[in-house]
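A short worksheet on the structure shown next.
The values are calculated or read from the model by the stated rules, or taken from the named source; none is laboratory data. On a predicted model such as this, the values are computed, not experimentally measured, just so you know. Glycine also receives a Cβ, built like all others from the backbone with ideal geometry; neighbour counts cover every protein chain displayed.
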């Protein structure tokens, strides 16, 4: 039995590899099948009585014992083997864990020590973006080669050659000796910036040996250009450097004279003329206007515009229909007003008084039209037509039966604002404004209102469908103070958009107007006219371009045009110095950025005797004196100079000493302008020896022309220079008449320049011992389309919804600052009482702090 189990077990093990899984299940290798066979055999023998009972019992007992021993032995062997196998596996697993732990600790320690001695060849995550960055700087990384030894030599020479009162201050020295490729100087009123700029020019030309044909100094006005040249001549003479006006004009330029050089090199553009430079006489030499920011169209310029206007009116039905709609609108007395609006309450309260003088007012206007030869008009009755407005009697000058409209005559702009009614008590212009207001408030029928002698007849013909020639009419764009003839109105709006760096047609596409807003028609017509006008000018012989078109052709966006420029044209701006930088518009900024970019792309370099010099920019300005926003300039470009002119190294300098005014004049002016957004850390300090210690407050007076005349005479008698300033030319005309005897005396005594009358804008850059301000600096209107243009041009500074209106509110404060700081010693400010219907617009006088010692108020 024992051998059977063993042999069976062995057979099973030996044959296991020869049988599939089903065979292994029929003949299990654990010996159980042998036991079953033995039991079956025992049962069979017993059933057939084939064995002896006693023998069977004895054999059974003997076999049981033998089998038990054999099974025990076999079970021991199998159990030992199974226990060994399981113990071995468990020991292997536990030993492996211990080994891993010990091996990791040992390996980590060894690797850590080795890692201290070995550098990672690829530290950190390996980047998949391997493209190098783009250098956006407009300048090379360089320093002007002014060594310490050269600096000392410059300082010694200036100390020796200039008188004590002209010795530079420390901030001025920083400007003169700047080594940075980009420098901007915040130079307050009277800071001596022009003289300092001349000394910087001296360093470039004399000590660094930079040729004049590599230098461009940019000034803003024609007068300031020649004033700067005269200063250069005087200073250079002290260093025995040859210089005269002709030579100075080659490198002291205005932006507008400089851009002409960009057209002179091209065979197809040679001889091109600037529209703004065209003289009124075609046979005369073209000349640069004093200030292109304040250009008035002359006869020749208007003739070109009118010829294009005529062509387009005849050739374009769409344009013609738009113009006819504008003509109809322009002849109406105005949009109806709401009598319930509280804004009109104070004016309505005087309607009875206005009614009493209305016949006289109507007849006075009619007399002017008759004298000018424009009254009566065909098809219009000449008898005064009485009507009732809120129960009071007013008059129209006539009635056009075919148009079923009253005709009311206004005052033509050519008439002086001196005609009066009520025995001289009331200006005719004021009386006319009041009666027009009442018509708009209380009369709902059709009224034709004419305010221009030349345009009235043409407008009547257009209304009657009898267009014999292109309509000439006036239109008042939203935000303008008064109507302007249609061509100047087109020119003004287009120039504003282009000064902001916008294309006229594209900008108009980006605007939106309410359905009933007539400006929608105006700008649609302008969008058709302006591209046609540019084409018309380009077809002339020689070609004519507006300055804005010229700047746009070489702006930072015109890379291809810039790339074609000869290096000789570009190299003139290797070293560029710009004065009055705060008056730059987006168009000139874009052009300047384009030029500097192209210079850098070409790697232009000048090797001076002291070392290499690359293109650079020095900008001088004062954001407190930015006063041409209404023409499209913005102080933003100066306030954010480093973002518009990125540089590896940029230097900001504050020049705060004022060598013109006494301290109270400075403080009074700053108290007005400090409420605006501006460059921080500024405060002017009196620096002239004669002004230090003077403390004379700015005097505030109610408008009193006789007192003004007396004070002007007093200062003139004392031998002082006097300036009388106002925002309004009509106000200056009034004051001029009052000062006629004094002005005549000054001319007779050959001191005509001792008394000057000019606008606040015109006074910029000038000075006088005593300055008289007549009238407030007040924002006069709001402009929806200009607000939209500001947004399109990216001139919104703090996310404000009406950015242009906000900018204009700040500009009136800056205008007052400019006016006050013209004074050396005495400043008088004559103010009218605030108007009752001022619409809440900002005005400079509202910022006067009467509690401050630098103001003294005599208005009580």
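With the structure loaded, tell me whether residue 576 is assigned by TED's automatic domain parsing to the domain that holds residue 210, over 16 Å from residue 275 (Cβ atoms) and either outside any helix (DSSP H, G or I) or in contact (Cβ under 8 Å) with a residue 12 or more places away in the chain (or both) or whether it fails that test. Answer is yes for this residue. Residue 349 falls short on exactly one of the conditions (1) at pLDDT below 95; (2) surrounded by 13 or more Cβ atoms within 10 Å (Cβ to Cβ), and that condition is (2).
Are any residues in segment 140-166 outside any loop (DSSP other than H, G, I, E, B) and exposed (fewer than 11 other Cβ atoms within 10 Å of the Cβ), and if so, which ones?
If the condition is that a residue be outside any loop (DSSP other than H, G, I, E, B) and exposed (fewer than 11 other Cβ atoms within 10 Å of the Cβ), then 148, 149, 152, 156, 160, 164, 165 are the ones that fit.
Scanning segment 208-234 for residues that are under 19 Å from residue 176 (Cβ atoms), without any contact (Cβ under 8 Å) to a residue 60 or more places away in the chain and surrounded by fewer than 20 Cβ atoms within 10 Å (Cβ to Cβ) yields 212, 231, 233, 234. In this structure, residue 312 does not qualify as in contact with a strand residue (DSSP E or B) (Cβ under 7 Å, 6 or more places away or on another chain), under 30 Å from residue 516 (Cα atoms), surrounded by 18 or more Cβ atoms within 10 Å (Cβ to Cβ) and modelled with pLDDT of 90 or more.
For every residue, the table says whether it meets (1) within 37 Å of the chain's Cα centre (by Cα); (2) under 30 Å from residue 340 (Cα atoms); (3) modelled with pLDDT of 95 or more; (4) in a helix (DSSP H, G or I).
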residue	(1), (2), (3), (4)
460	no, no, no, yes
472	yes, no, no, no
479	yes, yes, no, no
511	yes, no, yes, no
516	yes, yes, no, no
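For residue 359, the conditions (1) touching a residue at least 60 places away in the same chain (Cβ under 8 Å); (2) part of a helix (DSSP H, G or I); (3) surrounded by 13 or more Cβ atoms within 10 Å (Cβ to Cβ) are fulfilled apart from (1).
Matching residues to (1) modelled with pLDDT of 95 or more; (2) over 17 Å from the mean Cα position of the chain (by Cα); (3) surrounded by fewer than 22 Cβ atoms within 10 Å (Cβ to Cβ):
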residue	(1), (2), (3)
781	no, yes, yes
804	yes, no, no
818	yes, yes, no
834	no, yes, yes
837	no, yes, yes
847	yes, yes, yes
